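What follows is a single structure, written as structure tokens, with notes after it.
The values are calculated or read from the model by the stated rules, or taken from the named source; none is laboratory data. Since the structure is predicted, the reported quantities are computational estimates derived from the model, not experimental observations. A quick note on method: Cβ atoms are made from the backbone with ideal geometry, for glycine too, and the neighbour counts reach across all protein chains shown. Note: accessible area is taken over every heavy atom of the protein model, side chains too, but ligands, DNA and RNA are not part of it. Shrake-Rupley method; radii C 1.70, N 1.55, O 1.52, S 1.80 Å.
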Amino acid sequence: MSSSPPVRSVVRALELLQALNRQAVSTLDMLFEQTRIPKPTIVRMLQTFEGHGIVKHAPQHGAYYLTSGVRSLSCGYHSEPMIVEAAAPLMDALTLRVKWPAAIAVLDHHAMVVRYSTIPLSPLALKHSTIDVRLSLVSRATGRAYLAFCSPEQQDTLLAALAQSNAPEDEGARDPMEFRRVLAEVREAGCALRKPQVMPASNTLAVPVFDSHGVTASLGLTFFSSTLKPQQAVERYLAELQGVAAEIGGRLRELQAA
């Protein structure tokens, strides 16, 4: 990151918006007390905000309030950016401890999509990047971890769609009884492993991440098959991976409540 000093006018604008968010209606005196920005500057900034449709002036009360236009500043901040914000520092710390790369993936239609990865921090990564890579719900660890822990209704819907998929890695869903047995084993174990035939040089151990609404993502740790057998990875890393997933879930619930 650049070491250049912050742009003062931008900092002030952000401070004023934060102050306006603290109460439904704000007077000039209230905003001055919270920000210590000179009142003439506050007035000019409020007029600018009003011109852009995010603030209204109520002259009869000598006060200002935010309009629904302020939502345009946060429309890009939805579930996926929130997950990355909650997960990234915890995942970085995990990889710095154990060296293996970690990734967090979310559901996108009938597959999981990687939204954050610690590959740049890992000396043991096989790939340069997995961001935006789509992973099968049937054969990949992150997919199995999500599918095993989602609601029964969502699971039934996804399995019905996967049974019609022509993707080679989704083939297992065409035998629903057998695949449901696999998912039951994942649920009992509390974790999932990648199907061994897929990319045999490595494997992934994955666990679900829960927010206040249920399972929202999967957290995976990838390791070399030549270095660790699946059971060794479970014994060595499952508890730590579940702990990180729980912390991510806690941060998500805090962000959602805020």
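When the range 1-41 is filtered for residues that are modelled with pLDDT under 90 and in a helix (DSSP H, G or I), only 21 remains.
Take residue 219 and decide whether it is crowded, with 22+ Cβ neighbours inside 10 Å and part of a strand (DSSP E or B). For residue 219, the condition - crowded, with 22+ Cβ neighbours inside 10 Å and part of a strand (DSSP E or B) - is met. Of the residues in the range 194-203, not one is open to solvent by less than 20 Å² (accessible area, probe 1.4 Å) and within 19 Å of the chain's Cα centre (by Cα).
Looking only at the range 24-51, filter to residues that are in contact with a strand residue (DSSP E or B) (Cβ under 9 Å, 6 or more places away or on another chain) and polar (S, T, N, Q); which one of those is most open to solvent (accessible area, probe 1.4 Å)? Per the stated criteria, the residue is 47. As a summary of the residue check, residue 249 satisfies the conditions (1) among the small types (Gly, Ala, Ser); (2) farther than 15 Å from residue 84 by Cα; (3) touching a residue at least 24 places away in the same chain (Cβ under 8 Å) except for the one numbered (2).
Which members of the range 108-148 meet the condition of being closer than 21 Å to residue 247 by Cβ, touching a helix residue (DSSP H, G or I) at 6+ places or on another chain (Cβ under 6 Å) and in a strand (DSSP E or B)? Passing the criteria: 112, 115, 116. Can you pull out every residue in the range 1-32 that is in contact (Cβ under 8 Å) with a residue 12 or more places away in the chain and β-branched (Val, Ile, Thr)? Result: 25, 27. Annotation: residue 224 fulfils all but one of (1) open to solvent by 30 Å² or more (accessible area, probe 1.4 Å); (2) in contact (Cβ under 8 Å) with a residue 60 or more places away in the chain; (3) at positive phi; the unmet one is (3).
If I ask for residues that are acidic (Asp, Glu) and free of Cβ contacts under 8 Å to residues at least 60 places away in the same chain, which ones from the range 227-246 would you list?
235
Taken over the range 52-70, the residue count meeting the criterion of being in a helix (DSSP H, G or I) and either under 17 Å from residue 12 (Cα atoms) or open to solvent by 70 Å² or more (accessible area, probe 1.4 Å) (or both) is 2.
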